[in-house]
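Structure, as structure tokens:
The values are calculated or read from the model by the stated rules, or taken from the named source; none is laboratory data. Everything numeric here is computed off the predicted structure, so don't read it as measured data. Every residue, glycine as well, gets a Cβ built from its backbone with ideal geometry; the counts of neighbours run over all protein chains shown.
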Amino acid sequence: MSLLIRNGTVITAADLYQGDVYVENDTVTAIGTNLPMEADRVIDATDRYVIPGGIDCHTHLDMPFGGTTSADDFESGTVAAAFGGTTSIVDFAIQYRGQTLHQAWETWMKKADGKAAIDYGFHMIMTEVNDSIEQEMDALVRQGVTSFKLFMAYPGVFMLDDASIFRAMLRTGTNGGTICMHAENGGVIDVLVQKALAEGKTAPKYHALTRPARAEGEATHRAIALAEMADVPVYIVHLSAAEALEMVTEARDRGLLAFAETCPQYLFLSYDNYEEPGFAGAKYVMSPPLRSRETQDQLWRGLAFNDLQAISTDHCPFCMKEQKVLGEHDFSKIPNGAPGIETRMSLVYDGGVRPGRISLNRWVELTSTSPAKIFGMFPRKGTIAPGSDADIVVFNPAKTQTLGVKTLHMKVDYNPYEGREVHGVSETVISRGRIVIENGTFTGRTGAGAFIKRHART
Ligand SMILES: [Zn+2]
């Protein structure tokens, strides 16, 4: 099977040129102008951008949380991702206390197997650190699960103490793994939550008001300091607060390997959304919470100047009906998370590239190349080059779409951007040489996605 994408504007993190891309089976084998090859399928990409498929390195499909499970499984979630121009995800396997890391990995591999329509990898969430788990970390890195997520929040559920965090960090210094950190001070937040509830403050907005930006700034600072003492890199997930960005920027200025991602919700939504009438604020209950409007400009500046290296979604949808409603009388019982896997590429193009906040190259870098590099998938993923996987999006920058439950494919009964019109549509989406989206239709196959065996830091 061969595929020729003709006459598009090919954009990678480094280049932008008019050209043709030739794909044989699942691999890009030639790039050039007026390529002479014949192909089984020719796609005319005139006036379109030809970009590497998006990589979303923070998703939660089929994830149990607070007595319910995120609404998208690996089938609906990866199909929605493909519609939005994302061809690889890195999801999270969860090790619950008493389980081995391999039991957790096996559980999540089963969730994805036969269902995923695009390629997928896993970070490993660890809820305890001991001698045998440290040995398992080494084995997992060799097996392609090269990143470990630790929590400084959710005491009694996910939270680790500093000693455990430090031990895990030291281990990645020798095994080449990467630590991802949920950086919020869970102890402080828990006290504030209990206090608010005792005062009868139960509405959704108190979720945000009990998670101060400084709690994120403090934990981010501590995570970076622990990593500095362990002499390893650290990657801060879903950075939302200017107070946290400041810590990352300061660390990077000192030459430390501190990395961070932010998410579209922190760039396009704000605390004001929690003030929507009735229980509507629950749509935006996620951790960390949405911040002030002014924060958005600071995050965009961080993205432009490379103090933030990636944009992922933290896709973790819960329906308003039956799920978010669990917290109708107590904001602390609202399942944390929101949908976003399908809207990332277009939102960041529309709100980032079009107003001139970031360049086309930077858009590709933040949504694909940089996640591939940080998480051991580059150059197989994250670029268009001879030898790389044929994960390609033909993106029409002129076409508009209206975001909303009716137009999108995520299995959730609301959308945080309902009614928002954006420029830029992922028209044709190719996953390892297979056309999975064409003419607004899913043409791929669930189960065709493969596990991405990632490589360790070198
Ligand atoms: Zn998350």
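For every residue, the table says whether it meets (1) more than 30 Å from K111 (Cβ to Cβ); (2) touching a helix residue (DSSP H, G or I) at 6+ places or on another chain (Cβ under 8 Å); (3) not basic (K, R).
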{"residue": "L3", "(1), (2), (3)": "yes, no, yes"}
{"residue": "V10", "(1), (2), (3)": "yes, no, yes"}
{"residue": "V21", "(1), (2), (3)": "yes, no, yes"}
{"residue": "A30", "(1), (2), (3)": "yes, no, yes"}
{"residue": "T33", "(1), (2), (3)": "yes, no, yes"}
{"residue": "G53", "(1), (2), (3)": "no, yes, yes"}
{"residue": "H60", "(1), (2), (3)": "no, no, yes"}
{"residue": "D73", "(1), (2), (3)": "no, yes, yes"}
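Can you name every residue in the stretch 309-342 that is within 16 Å of the ligand (Cβ to nearest atom), assigned to a loop (DSSP other than H, G, I, E, B) and within 17 Å of the chain's Cα centre (by Cα)? Let's see the steps before the verdict.
Quick first cut of the stretch 309-342, residues within 16 Å of the ligand (Cβ to nearest atom) only: 310-318, 334-341.
Filter again for assigned to a loop (DSSP other than H, G, I, E, B), leaving 312-314, 316-318, 334-337, 339-341.
Those that are within 16 Å of the ligand (Cβ to nearest atom), assigned to a loop (DSSP other than H, G, I, E, B) and within 17 Å of the chain's Cα centre (by Cα): S312, T313, D314, C316, P317, F318, N336, G337, P339, G340, I341.
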query: What are the residue pairs meeting all of these: first residue in the stretch 33-62, first residue more than 19 Å from E427 (Cβ to Cβ), second residue of a type in the set (F, W, Y), Cβ atoms under 7 Å, and 6 or more apart or on different chains?
result: L35/Y22; M37/Y22; C57/F375; H60/F92; L61/F74; D62/F74
statement: Per the filter on the stretch 165-213, residues part of a loop (DSSP other than H, G, I, E, B) and closer than 30 Å to L140 by Cβ are G176, G177, A183, E184, N185
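Among the residues of the stretch 116-134, is any over 25 Å from I374 (Cβ atoms) and not in a loop (DSSP other than H, G, I, E, B)?
The initial filter retains those residues of the stretch 116-134 that are over 25 Å from I374 (Cβ atoms), namely 128, 130-132.
Restricting the remaining residues to those that are not in a loop (DSSP other than H, G, I, E, B) gives 131-132.
Yes, some residue in the stretch 116-134 is over 25 Å from I374 (Cβ atoms) and not in a loop (DSSP other than H, G, I, E, B).
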statement: How many residues of the stretch 64-77 are small (G, A, S), away from the ligand (no atom under 16 Å from the Cβ) and in a loop (DSSP other than H, G, I, E, B)? The answer is 1
- prompt: If you go through the stretch 247-267, how many residues are part of a helix (DSSP H, G or I), more than 16 Å from the ligand (Cβ to nearest atom), free of Cβ contacts under 8 Å to residues at least 40 places away in the same chain and not aliphatic (A, V, I, L, M)?
  reply: 2
task: Inspect all residues belonging to the stretch 91-104 and state whether any of them is part of a helix (DSSP H, G or I) and surrounded by fewer than 20 Cβ atoms within 10 Å (Cβ to Cβ).
output: yes
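Looking only at the stretch 1-23, how many residues end up being in contact (Cβ under 8 Å) with a residue 60 or more places away in the chain, crowded, with 17+ Cβ neighbours inside 10 Å and over 28 Å from the mean Cα position of the chain (by Cα)? Walk me through it before giving the result.
Filtering the stretch 1-23 for residues in contact (Cβ under 8 Å) with a residue 60 or more places away in the chain gives 1, 3, 5, 8, 10-16, 21, 23.
Filter once more, so that each one left must be crowded, with 17+ Cβ neighbours inside 10 Å: 3, 5, 8, 10-13, 21, 23.
Going one step further and asking which of them are over 28 Å from the mean Cα position of the chain (by Cα), we end up with 3.
Adding up the residues that qualify gives 1.
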- prompt: Quick one: in the stretch 416-434, which of the residues that are part of a strand (DSSP E or B), surrounded by 17 or more Cβ atoms within 10 Å (Cβ to Cβ) and not small (G, A, S) is farthest from the chain's Cα centre (by Cα)?
  reply: R434
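To keep it simple, each residue is scored yes or no on (1) charged (D, E, K, R); (2) over 22 Å from the mean Cα position of the chain (by Cα); (3) on the phi > 0 side of the Ramachandran plot.
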position	(1), (2), (3)
L140	no, no, no
G156	no, yes, yes
D162	yes, yes, no
G176	no, no, yes
A183	no, no, no
message: I'm trying to understand the selection: among the residues of the stretch 217-242, which are buried (at least 20 other Cβ atoms within 10 Å of the Cβ) and in contact with a Gly (Cβ under 9 Å, 6 or more places away or on another chain)?
response: A219, V232, L239, A241, A242
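Within the bounds of the stretch 200-216, is there any residue that is closer than 21 Å to F259 by Cβ, over 24 Å from the mean Cα position of the chain (by Cα) and surrounded by fewer than 20 Cβ atoms within 10 Å (Cβ to Cβ)? Before the answer, list the steps.
Keep residues of the stretch 200-216 that are closer than 21 Å to F259 by Cβ, which gives 213, 215-216.
Right, trim to over 24 Å from the mean Cα position of the chain (by Cα) and you get none.
The answer is no; no qualifying residue exists.
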- prompt: Any residue in the stretch 135-151 that is free of Cβ contacts under 8 Å to residues at least 24 places away in the same chain, out of contact with any strand residue (DSSP E or B) (no Cβ under 7 Å at 6 or more places or on another chain) and farther than 30 Å from G54 by Cα?
  reply: yes
field: Residue count, the stretch 138-158 (criterion: closer than 17 Å to V234 by Cβ, within 16 Å of the ligand (Cβ to nearest atom) and touching a Gly at 6+ places or on another chain (Cβ under 8 Å))
entry: 5
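Can T12 be described as at pLDDT 95 or above, farther than 27 Å from P397 by Cβ and among the β-branched types (V, I, T)?
On the way: at pLDDT 95 or above: yes; farther than 27 Å from P397 by Cβ: no; among the β-branched types (V, I, T): yes.
When the stated conditions are applied, T12 does not pass them.
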field: Residue in the stretch 375-393 that is within 30 Å of R457 (Cα to Cα), buried (at least 20 other Cβ atoms within 10 Å of the Cβ), more than 16 Å from the ligand (Cβ to nearest atom) and of a type in the set (K, R) present
entry: yes
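Residues are listed down the side, and each one gets a yes or a no for (1) outside any helix (DSSP H, G or I); (2) within 16 Å of the ligand (Cβ to nearest atom); (3) at pLDDT 95 or above:
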site	(1), (2), (3)
L35	yes, no, yes
A39	yes, no, yes
V42	yes, no, yes
D47	yes, no, yes
V50	yes, no, yes
H58	yes, yes, yes
D62	yes, yes, yes
V79	no, no, yes
query: Restricted to the stretch 235-246, and to residues that are away from the ligand (no atom under 16 Å from the Cβ) and touching a helix residue (DSSP H, G or I) at 6+ places or on another chain (Cβ under 6 Å), which residue is farthest from S370 (Cα to Cα)?
result: E243
